[in-house]
1. For VAL42, indicate whether it is surrounded by 15 or more Cβ atoms within 10 Å (Cβ to Cβ), among the hydrophobic types (A, V, I, L, M, F, W, C) and modelled with pLDDT under 95.
2. Considering only residues of region 22-39 that are without any contact (Cβ under 8 Å) to a residue 40 or more places away in the chain and surrounded by fewer than 16 Cβ atoms within 10 Å (Cβ to Cβ), which is nearest to LEU103 (Cα to Cα)?
3. Of the conditions (1) within 16 Å of the chain's Cα centre (by Cα); (2) in contact (Cβ under 8 Å) with a residue 60 or more places away in the chain; (3) within 22 Å of ALA6 (Cα to Cα), ALA65 fails just one. Which one is it?
4. When the residues of region 70-98 are narrowed to those that are of a type outside the set (Val, Ile, Thr) and part of a loop (DSSP other than H, G, I, E, B), which ends up farthest from SER50 (Cα to Cα)?
5. Provide a single number: the residues in region 27-69 that are in a loop (DSSP other than H, G, I, E, B) and either under 21 Å from LEU87 (Cα atoms) or of a type in the set (A, V, I, L, M, F, W, C) (or both).
Amino acid sequence: MHPFEAKEPPRLAILLGYAGLLPFVSGALGIWVIPVGWRSFVMAALLDYSVLILAFMGAIHWGLAMRADASDERAQMQLGLSIVPPLLGWLAVASGIPMWLSLPICLIAFIALYLADLHATKVGLAPRWYPRLRTPLTAVVTLSLLLAWASVLVD
């Protein structure tokens, strides 16, 4: 069976994916339990990690598009869209906008990226197992960013 046809994600992808959630979860929970003086540091670290992962995930879509035939319009669209997550992340950290706006930008980018993940699978650019991996990971990232955003809104 071709790896793209497998229904279950490879074990290593699952382990690495869940390991990648540690900074999201610890950052989002840490904001609520650490002393006030450390909160801005933890929030900045969480935002920086979010942007790093947006760039990583965008690169996955770039790679998926590169595997396809260069004349495939779906792949060309995927290639073009692959730069959107890192650009949104860059906007969130480099523009000087306040944290109450930076976090929802990242949140929206992760949700849009998840929709792109589903689309890539539907059109055959991503493996069939990809949504089984991405769904729980995206749920935890989304909840983590929502929890962090809530801490900003209540301050």
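The values are calculated or read from the model by the stated rules, or taken from the named source; none is laboratory data. Keep in mind the model is a prediction, meaning the values are calculated, not measured. Here the Cβ positions follow ideal geometry from the backbone for every residue, glycine too, while neighbour counts run over all protein chains shown.
1. no
2. Kept after step one, since they are without any contact (Cβ under 8 Å) to a residue 40 or more places away in the chain, are these residues of region 22-39: 22-23, 26, 30, 33-38.
Subsequent filtering for residues that are surrounded by fewer than 16 Cβ atoms within 10 Å (Cβ to Cβ) retains 22, 26, 33-38.
Numbers: LEU22: 18, SER26: 16, VAL33: 19, ILE34: 19, PRO35: 21, VAL36: 19, GLY37: 20, TRP38: 18 Å.
Among them, the one singled out is SER26.
3. Condition not satisfied by ALA65: (1).
4. Of region 70-98, the ones of a type outside the set (Val, Ile, Thr) are 70-82, 85-92, 94-96, 98.
Narrowing the set further to residues that are part of a loop (DSSP other than H, G, I, E, B) leaves 70-72, 82, 95-96, 98.
On the way: ALA70: 31, SER71: 33, ASP72: 31, SER82: 16, SER95: 15, GLY96: 16, PRO98: 16 Å.
Looking at the filtered set, the residue picked out is SER71.
5. Step one: of region 27-69, the residues in a loop (DSSP other than H, G, I, E, B) are 34-35, 68-69.
Subsequent filtering for residues that are either under 21 Å from LEU87 (Cα atoms) or of a type in the set (A, V, I, L, M, F, W, C) (or both) retains 34, 68.
Number of matching residues: 2.
Residue-by-condition table, conditions (1) assigned to a helix (DSSP H, G or I); (2) touching a residue at least 40 places away in the same chain (Cβ under 8 Å); (3) under 21 Å from LEU22 (Cβ atoms):
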residue	(1), (2), (3)
TYR114	yes, no, yes
ARG128	no, yes, no
PRO131	yes, no, no
THR135	yes, no, yes
ALA139	yes, no, yes
ALA150	yes, no, yes
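Every residue, every condition in (1) surrounded by 17 or more Cβ atoms within 10 Å (Cβ to Cβ); (2) under 12 Å from the mean Cα position of the chain (by Cα); (3) within 20 Å of ILE60 (Cβ to Cβ), yes or no:
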| position | (1), (2), (3) |
| --- | --- |
| ALA75 | yes, no, yes |
| LEU87 | no, no, yes |
| CYS106 | yes, yes, yes |
| ILE111 | no, yes, yes |
| ASP117 | yes, yes, yes |
| THR121 | yes, no, yes |
| LEU153 | no, no, no |
